[in-house]
Amino acid sequence: MDHRRGVAGAALLVLQLAASPMGGEAQQEDCHGRASLRIAVRDESGSIAIPNATVVLRWTEAEAVRRPVRQLTQPDGRLFLCAPGETRQATLWAEFADASSGEAVVTLEPGVTRDVELRLLVASGRTGRLIGQVRDARTEDPVAAAAVSLTGRPETVQTNRRGRFIMSGVPVGVYELSVRHLGYAPLSHPISVSLGITTDIEVGLVPDPAEMEPLVATATRVRRLEVKGFYERKYWGELVSGGTFYTAADIERRRPVLISHMISDESGIKLTCGIRRSKCRLVNTRRSVGFANEDCVMSIYLDGSWINRNPQDTIDDFVIPVEIAGLEIYKGAASLPAEFGGYASGCGVVVIWTK
């Protein structure tokens, strides 16, 4: 049976919170006494391992949250990870095709392995997922411990210290989103849950009493981009100025004739072409190659594959603007995600995801 078919929505999560030894002295040596996670991704019954599932994980330290890690499970559906430094907590979930597990929050201890089992619903379930953030509408500070619920659903989740929440495995339909927190006016807002899709929600709570309306903004994520990690990289890249990101809506507003024109409008990038606009290449003007100061040609990835092996090829030979779902531009190695770090990436990288 191909378990990638008919997968929809987020499913079950099993957390084995009982601490266990590191699973042998060899693993203790591998992690050098640090905390670790032993992760298993399985189907709903727990009897079938899911290989090549993507585990998304955030390590949380005392004062900061590290950039998310995205790693694939082994053929046996397992993944073993050592925690960096003095990390105190890990937040993780699994994704596979159109499915994602619930979100697990695990407390870590030095020298101890935590076992986490993430179960995916391999069936024709009709579910979606909500991810959001609750802020103070006046100060824009995150609101922690706000209670978030949906009408007709028994679950109530609380926002974390960054004001974020996640609701997985929500049946498709229209609900009334309810957000409550002491000291703020209660909020109710209609929300739609779509099949196999994540909907982003931004909520602005108003201090009570106050003469202003609460704020709610929603946006539906493109599932393909979500699975490929586009939204995670966009969130963290914009947070630390680590790249430039465009969605299909951004590109549509710009209406470029060729995508190379839009990219070359970025500072530090120019488009160089031969006779009759042949052999066009995107060049990083802030860098050069070799002693002759040769053009520093940026690497191009299309749907995860490096495409500019042949200098005769141009980016416009492969894709037109209306076909693009997401665009990532990295001008230097410091901001470059590890998955795009090969193939002469020192001159910068352009990553394109098609619809």
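Here are the numbers for this structure:
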| item | result |
| --- | --- |
| Theoretical FRET efficiency, 1/(1+(r/R0)^6), r = Cβ-Cβ of Thr107 and Thr139, R0 30 Å, to 0.05 | 0.50 |
| Cα-derived Rg over Rh, computed across the stretch 230-269 with Rh taken as Kirkwood radius | 1.00 |
| Å² of accessible area per residue within the stretch 151-217, as computed with a 1.4 Å probe and no ligands counted | 53 Å² |
| HN-Hα J in Hz across the stretch 70-77 - Karplus 6.51, -1.76, 1.60, θ = phi - 60°, x for Gly and Pro | 10, 9, 8, 6, 6, x, 8, x |
| Surrounding net charge for Ile263, when Lys and Arg each add one and Asp and Glu each subtract one, Cβ distance under 14 Å | -1 |
| Entries of Lys331/Lys355; Lys228/Lys270; Lys270/Lys331; Lys279/Lys355 with Cα pairs more than 19 Å apart | Lys331/Lys355; Lys228/Lys270; Lys279/Lys355 |
| Net charge, Lys355 excluded, C-beta distance under 9 Å - Lys, Arg +1, Asp, Glu -1 | 0 |
| Gain upon complete extension [Lys355, Arg162; 0.36 nm per residue less C-alpha separation] | 66.3 nm |
| Spin-label model distance (nm) - Asp250 vs Cys273, 7 Å beyond Cα toward Cβ | 2.4 nm |
| Distance between modelled label sites at Asp208 and Asn310, nm, 7 Å Cα→Cβ extension | 6.5 nm |
| Extended-chain gain in nm, criterion 0.36 nm per residue less alpha-carbon gap, Val174 and Ser192 | 6.0 nm |
| Karplus-derived 3J(HN,Hα), 6.51/-1.76/1.60, for each residue of the stretch 325-341, Hz, glycine and proline x | 9, x, 9, 10, 10, 10, 9, x, 5, 5, 9, 7, x, 4, 5, 10, x |
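The values are calculated or read from the model by the stated rules, or taken from the named source; none is laboratory data. Keep in mind that this is a model prediction, so the values were computed, not measured. Virtual Cβ from ideal backbone geometry, glycine too; neighbours counted across all protein chains shown. Remember, those area values only see protein heavy atoms, side chains included, never the ligands or the DNA or RNA. Shrake-Rupley method; radii C 1.70, N 1.55, O 1.52, S 1.80 Å.
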